[in-house]
Every structure is written in structure tokens, then in C-alpha cells.
1. Identify, please: which residue in the stretch 282-299 is surrounded by fewer than 18 Cβ atoms within 10 Å (Cβ to Cβ) and not in a loop (DSSP other than H, G, I, E, B) and is, among those, nearest to the ligand (Cβ to nearest atom)?
2. Count, please, the residues in the stretch 128-144 that happen to be more than 7 Å from the ligand (Cβ to nearest atom) and either in a helix (DSSP H, G or I) or within 14 Å of Gln184 (Cα to Cα) (or both).
3. Any residue at all in the stretch 114-126 that is of a type in the set (Ser, Thr, Tyr) and either closer than 25 Å to Gly239 by Cβ or more than 12 Å from the ligand (Cβ to nearest atom) (or both)?
4. Would you point out which residue out of Leu103, Leu147 is away from the ligand (no atom under 11 Å from the Cβ), surrounded by 22 or more Cβ atoms within 10 Å (Cβ to Cβ) and under 14 Å from Ile179 (Cβ atoms)?
5. Looking for whichever is in the same structural domain as Glu218 (by TED's automatic domain parsing) and modelled with pLDDT under 90 here; the options are Glu284, Glu277. Which one fits?
6. Does any residue of the stretch 167-174 turn out to be within 23 Å of Glu255 (Cβ to Cβ) and within 16 Å of the ligand (Cβ to nearest atom)?
7. Taking Asp196, is it within 23 Å of Asp276 (Cβ to Cβ) and either surrounded by 19 or more Cβ atoms within 10 Å (Cβ to Cβ) or without any contact (Cβ under 8 Å) to a residue 40 or more places away in the chain (or both)?
Amino acid sequence: MSENKSTTAGVCPKIRLSSVSQSQARHHPVQIALTYRRLLIHSASGREWCKETAEKHYAEVESCREKSGTPQVPVVTRERLITVGCRGSVWTRGDLLVQPPILEANELVKYYRSREEPALDKLNLRVERGRIFTLLGRNGAGKTTFLRIASTQLLPTSGSLRVLGLDVVKEANAIRQKIAITPQEAKPLWTLNAIDHLILALMMRGVSHSAAAKKAREVIEALELTEFQKISSENLSGGLRQRILIAMTVASDVELMFLDEPTIGLDPIGRRRVWDELIRLKKEERRTIILTTHYMDEAEALSDDLALIERGKVLAKGTPAEVRSKHLVSKVRVDASAGFSADELAPYGRVTKAGNLLRLFVSERVAEEISRQALRRNASISVSPVTLDDVFVEIVGSRMEELDRDVERGADE
Ligand code: ATP
């Protein structure tokens, strides 16, 4: 595919694999076969049959090559990739076969008219397909603003945001066909029951009544709403109403779903049903899910990737393990109750208050030293592994201190 290489960026412009010609395939068969294999194996995570298909295909190509020296490489079509579990467009770049990110924000800025500070401040973010991506952040960090722009409900002030390869400002209508959203604080229609809501939502997307009714029953069962499906929403509890809203998003056959604090108000069992369904949608249907939450256990249980934002800027991003290890590298949490003062612990690290406890993150060696001191003075401490919750508090806490120092410096000058 060298004929397609861009002279400026040094990478191939985006080419749909379905448009790779037989002559390109003949010229660069091995690259295509290799990249095809790589993608299939990559997209096959958790789906053994995909991997087998990929291996079989690759073996065929290899044996052709050995026999004739001029292999017959089948042209890889988008349809074929979809059948092996890859939703959406697939493009090549150089000799690498990639799917473009499902969402890409560049220097995204949002100012609300009534506020001086931006709600989003040159935010850069990338979400890959087929993943569950979680946005974390304190109240007012900008999560909902971001989701509302990405789901074309709100216009950005500047910067760019592409969703499914489309521009949120210029191609909003096209995006709307392909996404579903459960907004924060949405309410179902009072007089309709769960079944009505789902059928209505699906028929508005062009699904026939019978197909919509079948899908509605499936989703209602998956989210354990069967018992309540015929009760109008005005007579349901808050948590059950929230489950109807989630069900409406889950039922739609869209590639990308946005869920803004979806499990707020749900009981622990209801939350787990929702988690199971979201994980199933990702694994079995290759959906991409972007959600926000304040529950760190939820972020930990669901996220393939996450970003922590504060005042409209990304403070940390990556897989939960990456974020944890990058920001609290090889540390453990020490909680000291009575017997230590904050000043005594301060030389070991940043001390924060957690209820009646003094909390700090230290290496295992330092934790041992503090334990010995605690034994000597008959004080009690507890040592435990770092959680995502700790990482959140630590990153945001450090950032707040930094901002406070900047303000103080500004005042001194
Ligand atoms: P939460 O976790 O509380 O839902 P969030 O991270 O979703 O918070 P946003 O709702 O995006 O935060 O708000 C970001 C900032 O923009 C906040 O300071 C908020 O006060 C402000 N804001 C949000 N909506 C508006 C609006 N319609 N007009 C003016 N300011 C707004």
C-alpha cells in the first residue's frame, strides 16, 4: 500500500479495507495478511472462535505463499471483519491495520455564558472502540458537559470533537442515529410502563413493533424488571425508574452508548445487574460504552480505560491499573488512628484526614517503619493496598494544593 502513503505525515491516509484492490493485495499481500491477522486476534479477545478464524486465514495465506511465491490474498472486507467481531469502519495506516478511535477530543473548550471559568479547558481525550471508558471527577469537574457535547446536545466553544469519525458540530444528525444516551437526572414518562418505554424508544429508531416487543422483553429480563414491567413509572421507585432509562439505552442497537451516572440510586443488586449487562454488551456485541460515575468500585469493576478530570482538564488517564501504578507507584495506604499527630507523619508523605484517621501513602519499607513506631508507643495503624478511590483523592488533592499554591503566589506578587 505504499502508493497510498502520505508524503507529509508519513502515514497512510485512511483507506477502507473494503476498497483495497486486488492489485494492492498482490503487491503487499503479506502486510495485509499480517495486519489482518493482528487485528483479528486483537479483536478476538475473549472470543476463541475469532482467533481460530484468524489463525486459519493466516495459515492459508502462508501456505499459498510457500507454494506459489505469489500468494492469493483474499481482499479483506469490512463485512468480513464485522462478522468476526469488529464493529465500525476499519482503516489501514502504513502497514498497520487500525480502527479509528470512536471518540477523539482535541483542545476542547466549553464556556457557559454565566461563568468566567471554562467548564472544559483544552481537553484532549481519545476513546478506543469496543471498550468501557469511564470519566471520573469531582462534582463540577466537567463530566456531564463533556458527555452533552459528545452526544450533540451542547455546542463546544472551540476545539474539536469527533464521535464515530464525525464532527459533533457539523455532523450532529449523523451522530445521533448511531448513539444512545442515558442523561443525568432524566425521568421516564409518568403514564408509561417499562415495556411501553422500550417499545417506543425502539420504534422511534425505526424498529418494527414486533421486533421492538421482542427486544424489550429480553432487556427487561436482563435488567430484572419483569416483575415491574406493566406498572406505570409514576408508581415505581426512583431506582426502578432509573433502570427503565438504562434499559432504553441498552435496548437500542447502537455502536456507542453514553451513560451519565447510570447507577445512581440503584440498590447493590440492581447495580450489579446493570454492570453485567454492560459487560455483556461490550463482549458479545462489541459496543463502546462511555460512562461517568462517582462510585470507584463501579469504575474498577467496569472500566477498560478511564480518565480523571478536574476543572475541565484531564489529570490522569489509562487503564485502572496504569493510573494506579503511575500515581501511587508501589505504595500502600497507612491509616493511623490515635497515637500519631499529622506533624509526626508529615515527613513520610502527604497526610490527609479521612474521618478520624490520618491517611498517607508510603512505600512498604516506610509502612514497616511506621508499624514499628506504632508498636513502640502502643498506637494503632492499619496498612492496606491502594484502591482507585485512594488514587482519585491523591491526584485531585495534589492538584488542588498546586492550584492553591499558584493562587498564593499570585497574591504575593
Ligand atoms: P457532577 O459530578 O456534579 O455531575 P460534572 O463533572 O458533571 O459534575 P458539569 O455538570 O459538567 O460537572 O459542570 C461543569 C461546570 O460547569 C460546573 O462548574 C458547573 O457549575 C458549570 N455548569 C454546568 N452547566 C451549566 C450551565 N447550564 N450554565 C452555567 N454553568 C454550568
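1. My answer is Asp297.
2. Summing the residues that are more than 7 Å from the ligand (Cβ to nearest atom) and either in a helix (DSSP H, G or I) or within 14 Å of Gln184 (Cα to Cα) (or both) in the stretch 128-144 gives 1.
3. Within the stretch 114-126 (the criterion being of a type in the set (Ser, Thr, Tyr) and either closer than 25 Å to Gly239 by Cβ or more than 12 Å from the ligand (Cβ to nearest atom) (or both)), the answer is no, since none of the residues qualifies.
4. Leu103
5. Testing whether each residue is in the same structural domain as Glu218 (by TED's automatic domain parsing) and modelled with pLDDT under 90 leaves just Glu284.
6. Scanning the stretch 167-174, I find at least one residue that is within 23 Å of Glu255 (Cβ to Cβ) and within 16 Å of the ligand (Cβ to nearest atom), so the answer is yes.
7. So Asp196 does not fit the description; no.
Results for (1) over 24 Å from Glu401 (Cβ atoms); (2) among the charged types (D, E, K, R); (3) surrounded by fewer than 20 Cβ atoms within 10 Å (Cβ to Cβ), shown as yes or no for each residue.
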| position | (1), (2), (3) |
| --- | --- |
| Lys326 | no, yes, yes |
| Ala336 | no, no, no |
| Ser341 | no, no, yes |
| Ala346 | no, no, yes |
| Gly349 | no, no, yes |
| Leu357 | no, no, yes |
| Glu364 | yes, yes, yes |
| Arg372 | yes, yes, yes |
| Ala379 | yes, no, yes |
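The values are calculated or read from the model by the stated rules, or taken from the named source; none is laboratory data. None of these values were measured; they are calculated from a predicted model. Glycine gets a Cβ as well: all are built from the backbone with ideal geometry, and neighbour counts include every protein chain shown.
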